[in-house]
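**Q** Pasting a structure below so you can have a look.
No value in this document is a laboratory result; all are computed from the given coordinates. Model, not experiment: these values are computed from the prediction. We place every Cβ from the backbone using ideal geometry, glycine too, and count neighbours over all the protein chains shown.
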Amino acid sequence: MSHHLLEFKDVRFRYPDGTEALKGVSFLITHGESVGIVGANGAGKSTVLLHTNGHLLPTSGAVTVGEVPLRKETRQEIRRKVGVVFQNPDDQLFMPTVFDDVAFGPLNLGLPPDRVRERVHDALRQVNSLAVLDKPPHHLSGGEKSAVAIATVIAMKPDILVMDEPAASLDPKSRRSVIGLLNSFAHSKIVASHDLDLILDVCARCLVIRDGAIIADGPAPEILSDATLLAENNLELPLTLQGRPAWRGTCR
Amino acid sequence: MSLEAAYSGIGRLDRLSYRDTVVHRLDPRAKVVATLLFVVVVVSFPKYEVLSLLPFFLFPVLIGALGGIPAGFIAKKVVAVSPFAVFVGIFNPLIDPATVAIAPGVAVSAGWVSFASILVKFALTISAALLLIATTSFPGICRGLRRLGLPALFVSQLLFLYRYLFVLVEEAMRVVRARDMRSFGKGSTGVRVFVRIVGTLFLRTVERAERIYGAMLARGFRGDLPSMRREALRPSDAVFVLAAGGFFALCRFVPVPQRIGSLLQGLAG
């Protein structure tokens, strides 16, 4: 199924202020793959994600989604295929109620009201949030907001799901349920995060990005157990691989 | 009033609007039209009119009672914004010193009468507006306005104002808290610090606006905020608007208090 491909070919990007954020990024993600993107702060993770749905356009190089090359004119088409969940759910949820927010994308796709209602209910059921249907976003807890933010994107039935720190600042239980949620999707997934345990649980493949370039690309368990590589990128071994000795000290 | 207190006031107004009463169930359009009529009629009274305005209090009292809105809460809000009305009218007694008799043997300057008239009109219109929000919810009012023909752009702006007011105030509260924790009671109200805080908030808001716009584009935004709700006007909405309109007309064109007065006199005599 070639239409779920996502390819970056020597993508370079320079911000208007002159910062060169991407210096030739290339990778190919095939159908159903789940890929983690890790790297230090400012390495270029978010810039890569913003290219996947055409929020930013490469200064040079090419991004291809399915068979569609990313250009100004094809952005709308690409946004139907690639759903991006932003890091802060308060930025993602801008409508007065949860229902209106989840319905926003499907309505913009021009679906008839019955289908929109169906999509909203399906999406919220998938993230276990049907109970908050009529609430305004500012009355939700952090975990509920994150779940609803994911629902707003899956309601558009994208081929590829892209997420920036999907579980940042969630309590452990909410984080665990977001991980369960991500694993339940058959979509191709791209997840950028500093939460390496989350990447390990969700992604089979992992890219390491440093200074605007991909410096490692391989199976997630292999990359995430390479302590030297991680340390070079301001990262450390996932906690589950660290093996902490049992507590034997005394409290004073 | 501290920022926290103001915030909890808005939050309470917001929560009240999610109740389910006879008034809450009316169509937003019906309530918007009735409230607008009310405001126009009240403001249309001549400037020395006080007595004829009093029957109009029946409208907010009824809406508040049927909508289960605590009267004390609305009264407090009205008092909180009353300085505006007081400043508008406070010089009337000086500017307008002609004396008028308000009761047999009691005369005051006409300025006091017009001042009282301003205060009554103010209390009436503000309480009606607050009750509209407390019984309709802000998004409901926006939907009503949109369906009454207000341009989509204005309505989108109002909806964003509502959605991000809470986010912005919470952000401001965090910044102010951080300042207070490190200012040890000294200079925490300094103008220079305040100016910087406002600047920080402004920059953060601009950045946030960019991120929100990105999120909107990612989901196919092209200029209008679509809404699924298609409320149909019911007979009860029509009855409400007609009854309210009829009551306003009666009180506007018939001096009700005077009629009641002469009726009572007739009974006594």
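**Q** Over the Cα atoms of chain A, compute the convex hull volume and normalise it per residue, giving Å³. Don't skip to the end; give the middle numbers.
**A** Working: hull volume 40.3 nm³, N = 252.
In chain A, the Cα convex hull volume per residue is 160 Å³.
**Q** Quick one: length gained pulling residue A:30 to residue A:122 fully straight, 0.36 nm per residue minus the C-alpha distance? Can you show the working numbers first?
**A** Values: separation 92, 0.36 × 92 = 33.12 nm, distance 2.60 nm.
Full extension from residue A:30 to residue A:122 adds 30.5 nm.
**Q** List B:253, B:240 from most exposed to least, where exposure is judged by having the fewest other Cβ atoms within 10 Å.
**A** Taking fewest neighbouring Cβ atoms as first place, the list is B:253, B:240.
**Q** Return one number: the angle in degrees, 0 to 90 and rounded to the nearest 10, between the long axis of the Cα atoms of helix B:3-16 and the longest principal axis of the Cα atoms of chain B.
**A** 70 degrees
**Q** Counting only DSSP beta bridges with both residues in chain A, tell me the antiparallel percent, nearest 5. Spell out each step's value before the answer.
**A** Details: 20 of 37 bridges.
Of those bridges, close to 55 percent are antiparallel.
**Q** Fewest to most neighbouring Cβ within 10 Å: what's the order for B:216, B:173?
**A** Listing B:216, B:173 from fewest to most nearby Cβ atoms yields B:173, B:216.
**Q** If each of residue B:178 and residue A:240 carries a label point 7 Å out from its Cα toward its Cβ, how far apart are those two points in nm?
**A** For the pair residue B:178/residue A:240, the computed spacing is 3.4 nm.
**Q** Please give the helix B:256-268 orientation as an angle from the longest Cα principal axis of chain B, in degrees from 0 to 90, rounded to the nearest 10.
**A** The helix B:256-268 is inclined about 40 degrees to chain B.
**Q** For chain B, what does the relative contact order come out to in percent, with C-alpha contacts under 8 Å and a separation of six or more?
**A** Answer for chain B is 31 percent.
**Q** Give the calculated FRET efficiency between residue A:135 and residue A:60 to the nearest 0.05, with a Förster radius of 35 Å applied to their Cβ-Cβ distance.
**A** Numbers: r = 45 Å, r/R0 = 1.30.
Taking R0 as 35 Å, the efficiency between residue A:135 and residue A:60 is 0.15.
**Q** Indicate, rounded to the nearest 5 percent, the antiparallel portion of the DSSP beta bridges found entirely in the stretch A:92-230.
**A** The antiparallel proportion sits near 55 percent.
**Q** Follow-up. How large is the helix-only mean residue ellipticity at 222 nm for the protein assembly as shown, computed as the sum of -39500 (n - 2.57) over DSSP H runs with n ≥ 4, divided by its residue count, in deg cm²/dmol to the nearest 500?
**A** Calculated mean residue ellipticity at 222 nm is -17000 deg cm²/dmol.
**Q** While we're here: What share of all Cα pairs of the stretch B:151-228, in percent, falls into each consecutive 10 Å distance bin?
**A** Cα pair-distance distribution for the stretch B:151-228, in percent: 15, 38, 25, 15, 7, 0.
**Q** Tell me the label-point distance for the pair residue B:152, residue B:106, using the 7 Å Cα-to-Cβ offset, in nm and rounded to one decimal.
**A** Here the modelled spin labels are 5.8 nm apart.
**Q** Here's another thing I want to ask about it. When DSSP beta bridges are limited to those with both residues in the protein assembly as shown, what percentage is antiparallel, rounded to the nearest 5?
**A** 60 percent
**Q** Pairs A:23/A:81; A:145/B:77; A:135/B:77; A:9/A:81; A:135/B:76: which are spaced more than 21 Å apart, C-alpha to C-alpha? Working shown, then result.
**A** Working: A:23/A:81 25 Å; A:145/B:77 31 Å; A:135/B:77 25 Å; A:9/A:81 19 Å; A:135/B:76 27 Å.
Pairs exceeding the cut-off: A:23/A:81; A:145/B:77; A:135/B:77; A:135/B:76.
**Q** Only counting other Cβ atoms within 10 Å, I'd like B:121, A:157 sorted with the fewest neighbours first.
**A** Details: B:121 22, A:157 16.
By the 10 Å Cβ count, ascending, the order reads A:157, B:121.
**Q** Distance from the Cα centre of the stretch A:1-38 to that of the stretch B:56-132, in angstrom?
**A** Cα centres, the stretch A:1-38 to the stretch B:56-132: 64 Å.
**Q** First measure r as the distance between the Cβ atoms of residue B:7 and residue A:73, then evaluate 1/(1 + (r/R0)^6) with R0 = 56 Å and state the FRET efficiency to the nearest 0.05. The partial results should precede the final answer.
**A** Details: r = 45 Å, r/R0 = 0.80.
Here the calculated transfer efficiency is 0.80.
**Q** Give me the angle, in degrees from 0 to 90, between the Cα long axis of helix B:138-147 and the longest principal axis of the Cα atoms of chain B, rounded to the nearest 10.
**A** Once rounded, one gets 80 degrees.
**Q** Still on this structure, I have one more. Along the charge dipole of the protein assembly as shown, pointing to its positive end and built from +1/-1 on Cβ of Lys, Arg, Asp and Glu, which listed residue (B:54, B:168, A:241) has its Cα farthest out?
**A** B:54
**Q** Moving on. Tell me, what is the FRET efficiency for residue A:10 and residue A:248 to the nearest 0.05, using R0 = 41 angstrom and their Cβ-Cβ distance as r?
**A** About 0.15, to the nearest 0.05.
**Q** Next question, about the same structure. At 0.36 nm per residue, and after removing the present C-alpha to C-alpha distance, how many nm does the segment from residue B:191 to residue B:80 gain when stretched out fully?
**A** On the way: separation 111, 0.36 × 111 = 39.96 nm, distance 2.42 nm.
Gain on extension, residue B:191 to residue B:80, equals 37.5 nm.
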